[in-house]
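Below is one structure, written out as structure tokens; comments come after it.
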Amino acid sequence: MKAEFFQPLSRALARAWPGFSQITDAVRLSGGASQETWALDAEVAGAAERLILRRAPGGHSSPTAVPLATEAIVIETVREAGGKVPRVRYVLKEEDGAGQGYVMDRLEGETIARKILREDEFAVIRPQLAAACGQELARIHRVETRALAAVLPTVDGPTQLARYRAIYDAYDHPDPVFEMAFRWLEPRLKPPAEIALVHGDFRHGNLLISPLGLEAVLDWELTHLGDPLEDLGWICTRSWRFGVTARPVGGFGQLADLLKAYATSGERAFTIEDVKPWIVYGSLKWGIMCMTMYQGFRSDGSVERATIGRRASETQWDLVRMILHGEL
Amino acid sequence: MMDQPSVLELVEAVRNFLEQRALPELKGHTRFHARVAANALGIVARELAEGPTAFNREAARLTALTGGKGSREELNRLLCRMIREGEIALDDPRLTAHLEATITDKIAIDQPGYTGGKAAGS
């Protein structure tokens, strides 16, 4: 459990957090070479605190992700606006000598889709999750963006489509279904009527759910300013339904329930037709991300990446069902 | 040329070994990756068995659809260019029938379990 940054981290927390005495346990949860997530247990004023440390040892984590310090600013802004996010306890400073990152509360819940969709303890809450997602997205999308504009990029639908077109073109492995999807989307993925704070990866894995409901929205590294329909579409993307195709919202709910709760909680009323291009875009985007996995495999030989490369066909199947058959 | 066992039989044998003998002895990440590896061999086995017929059918449809000549890859590139430049309508029934048939064959090789889910209303 010991890592070289524990001492400087403990010293920094002791300075900033009244009553903080020590880190009692630390388990590395995930992350690659550039970014780490740790579960920390700490003793503060005689009580046990459960914490998460997000850390990039050498600075910036990935070209598409926002810096961790920006992530912390967005999470705190969302929390102050009443959103369900963990409380940020401390943002590392350069002089702390522990890398870039921040410490936040570790909340209880489940993020694994198969458990949330199949296990009995979630049976009661499952039918209410679509509305819970609608309420939460309405809160996020209502956050005042003026102050955030200084730290977040604005990336709307047409910009994203052009970006993914460039990535796909660079792989030089054209596919007729993806070509069809680009052409279908170009006139339909329009610039937003109004720019909002967008989570950018609102789907299973990043939604902390307990038998009582949606506890928190995690993993804000892809957050940006853009089209609120992006988040509504991404949670409905077929790849995140895990076999429960007839329940478009994460495999647990109906789109009408998501949109109704969203409209009731916020000021925007969207229709299923408004969201549909973003659901289609979600499949195209994940399909191209599968192609990116193949590029990763070519450099590291990972069997896992190799098989994800072949999952591009799942997204092509979904694109055919949605574009040619009008399914959702 | 030694052709017994066939490559398909060899791949199936390795896959069975992974699934039935190796996997139960493994734990954690290694177990997960062994399962992924066994699934990858499933793709290989299905493509060995069904690929040649599927690829021939695809090439024949591409030739008829594009009026071009060349390998399956070259014909696919030609069709992609036609779609991209609007030389073929997205609702052209010959195009939609081709895409439908191609992805049906492809998903049967890559992920045959994926198409089972019942869709939401259109």
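Using only the alpha-carbon atoms, how far is helix A:6-16 inclined from the longest principal axis of chain A? Give it as 0 to 90 degrees, nearest 10.
80
Compute the acute angle (0 to 90°) between the alpha-carbon long axis of helix A:312-325 and the principal axis of greatest extent of the alpha-carbon atoms of chain A; round to the nearest 10°.
In chain A, helix A:312-325 runs at an angle near 50 degrees to the longest axis.
From Cα pairs below 8 angstrom and at least 6 apart in sequence, can you work out the relative contact order of chain B, rounded to a whole percent?
21
Add +1 for every Lys or Arg and -1 for every Asp or Glu among the other residues with Cβ under 12 Å from the Cβ of A:VAL275, and state the total.
Residues close to A:VAL275 contribute a combined charge of -2.
Take each of the peptides A:313-326, A:87-100, A:218-231, B:3-16, average the number of other beta-carbon atoms within 10 Å over its residues, and list them starting from the highest.
Going by the mean number of other Cβ atoms within 10 Å, highest first, we get A:218-231, A:313-326, A:87-100, B:3-16.
Sort A:PHE178, A:PHE20 so the one with the fewest other Cβ atoms within 10 Å of its own Cβ comes first.
Going from least to most buried by this count: A:PHE20, A:PHE178.
Among the lysines, which fall within straight-line cross-link reach of A:LYS260, defined as a Cα-Cα distance under 18 Å, with same-chain neighbours fewer than 8 residues apart omitted?
Cross-link targets: A:LYS276.
Taking B:LYS106 as the anchor, which aspartates and glutamates have their alpha carbon closer than 19 Å to its alpha carbon, excluding any fewer than eight residues away along the same chain?
A:ASP175, A:GLU179, A:GLU314, A:ASP318, B:GLU47, B:GLU50, B:GLU58, B:GLU73, B:GLU74
May I ask you to list, by number, the DSSP H helices of chain B whose Cα span along the axis is at least 27 Å and whose average Kyte-Doolittle hydropathy reaches -0.5 or more?
B:28-66
Test of the criteria: in the stretch B:31-122, which GluC sites (Glu not before Pro) are in a DSSP loop and have at most 12 other Cβ atoms within 10 angstrom of their Cβ?
Those that pass, being in a loop and sparsely packed, are B:GLU85, B:GLU87.
Which of the three applies to the stretch A:6-105, rounded, prolate or oblate, going by the alpha-carbon gyration tensor with a ≥ b ≥ c and a/c under 1.5 meaning rounded?
Oblate, since a/c reaches 1.5 and b/c is not below a/b.
Less than 13 Å Cβ to Cβ from B:GLN20, Lys/Arg counted +1 and Asp/Glu -1: what total charge do the surrounding residues give?
Overall, the nearby charge balance is 0.
What's the center-to-center distance, using Cα atoms, between the stretch A:122-171 and the stretch B:42-86 in Å?
About 36 Å separates the Cα centre of the stretch A:122-171 from the one of the stretch B:42-86.
Can you sort A:HIS199, B:HIS33 so the residue with the fewest Cβ neighbours within 10 Å comes first?
Sorted ascending by nearby Cβ count, the order is B:HIS33, A:HIS199.
From Cα pairs below 8 angstrom and at least 6 apart in sequence, can you work out the relative contact order of the stretch A:6-105, rounded to a whole percent?
Averaging sequence separation for qualifying contacts and normalising by length gives 24 percent for the stretch A:6-105.
Mind checking B:76-87 for the average number of partner chain beta-carbons within 10 Å of each residue's beta-carbon?
4
Can you check what the net charge comes to around B:PHE32, using other residues whose Cβ is under 15 Å from the Cβ of B:PHE32 (Lys, Arg +1; Asp, Glu -1)?
+2
Roughly how crowded by other chains is peptide A:321-328, in terms of the mean Cβ count from those chains within 10 Å of each of its Cβ atoms?
Mean shielding count: 4.
In degrees from 0 to 90, rounded to the nearest 10, what is the angle of the helix A:272-300 Cα long axis to the longest principal axis of chain A?
70
Just so you know, all these numbers are worked out from the coordinates, no wet-lab data involved. For clarity, every value in this text was computed on a predicted model and none was experimentally measured. Quick reminder, even Gly has a Cβ in these numbers, built from the backbone with ideal geometry, and neighbours come from all protein chains shown.
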